[in-house]
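Scroll down for the structure; my scribbles are underneath it.
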Ligand code: MN
Ligand code: MN
């Protein structure tokens, strides 16, 4: 006897039925996003066969080298979502300004922000990448959205999610009632619910950080990592494992499935920017998913989703994952800010132990 399978389409329509006032607009939007992700999965999955690896020879607004697949994914998201009348505007990592809905199509009530291909530096080495998206309500439904319409804090998101193009293609989604994971069944071309109500364990023994930046870290981050490295012989009294995939979507899915903490903290590497990851189409949607799954997401100092955005491509420090670990990291930042030097010097490991210096 095979179990009844729930497709994404069925899931969305059943969710819509619980809101009698729903117009179907939102369901239509989700369906278009899912279709765009399937198209991107197809392009990414063909890898070197299409000659789309390597550089596109151009740079985006962030000064990052664009890959041909960055541009293919950007166009798939735009084209897949511009026509249906659900959106008042879009914004993409790959485009400097707000993307207008073409004149030929009606303007709707939602705003869509996306990172069309996250982790694209991993494309050439066949490591999982993905697409991240965030949906806001337009303050001026039916009219062409401008920049000010987009600058809403993450708490205003009505939906957030990402597609993961790994060994299996997945779609991870929240509309504010928990987080559900769907796996693409290539046989029927549909996403099928495989990971209902993902929940992040409060405790963990895994942390993820780019250790090559260690010399730029602030003392609270150094303290946290030092204590993890000390393992059973230190104050934490347990051994940790370190993970670093350098693909935000893959790190997020790992944490949703088996817990953990991810850090791209504020550091002194580039004084021009507060952090590495982009608030509006990376940190905010990931934070909504993480909070909806019972975890926490912070800059190390403030809740990510409470930040009032100042620009479309603003960067923020990002620390997220298992609740108690994130709370610990926030506490280390607070202790450091309120005369942390004594706190630091109390740590027997401070200044004597690190990833690349032996104790
Ligand atoms: Mn990205
Ligand atoms: Mn990207």
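The values are calculated or read from the model by the stated rules, or taken from the named source; none is laboratory data. These numbers come from a predicted model, not from an experiment. In this analysis, Cβ positions are derived from the backbone assuming ideal geometry, glycine residues included, and neighbour counts consider all displayed protein chains.
Annotations for the structure displayed:
- Residue pairs whose Cβ atoms lie under 7 Å apart, separated by 6 or more positions or on different chains, with the first residue in segment 225-240 and farther than 18 Å from residue 263 by Cβ and the second loosely packed, with under 14 Cβ neighbours inside 10 Å and at pLDDT below 95, do not occur.
- Checking each residue in segment 12-54 for being modelled with pLDDT of 95 or more, within 19 Å of residue 174 (Cα to Cα) and touching a strand residue (DSSP E or B) at 6+ places or on another chain (Cβ under 8 Å) picks out 29, 30, 33, 34, 36, 37, 38.
- One residue from 219, 139, 116, 196 being within 27 Å of residue 88 (Cα to Cα) and more than 16 Å from ligand 1 (Cβ to nearest atom): 139
- Among the residues of segment 228-254, just one is out of contact with any strand residue (DSSP E or B) (no Cβ under 9 Å at 6 or more places or on another chain) and either crowded, with 21+ Cβ neighbours inside 10 Å or under 30 Å from residue 120 (Cα atoms) (or both), namely 246.
- Single unsatisfied condition, residue 111 versus (1) more than 16 Å from ligand 1 (Cβ to nearest atom); (2) more than 26 Å from residue 156 (Cα to Cα); (3) surrounded by 22 or more Cβ atoms within 10 Å (Cβ to Cβ): (2)
- Looking only at segment 66-76, and only at residues there that are touching a helix residue (DSSP H, G or I) at 6+ places or on another chain (Cβ under 9 Å) and away from ligand 2 (no atom under 11 Å from the Cβ), the one that is modelled with the lowest pLDDT: 68
- Matching option when the condition is in contact with a helix residue (DSSP H, G or I) (Cβ under 9 Å, 6 or more places away or on another chain), more than 16 Å from ligand 1 (Cβ to nearest atom) and more than 28 Å from residue 253 (Cβ to Cβ), among 80, 85, 54: 85
- If only residues of segment 179-207 that are in contact (Cβ under 8 Å) with a residue 60 or more places away in the chain and closer than 19 Å to residue 328 by Cα are counted, the one that is surrounded by the fewest Cβ atoms within 10 Å (Cβ to Cβ) is 203.
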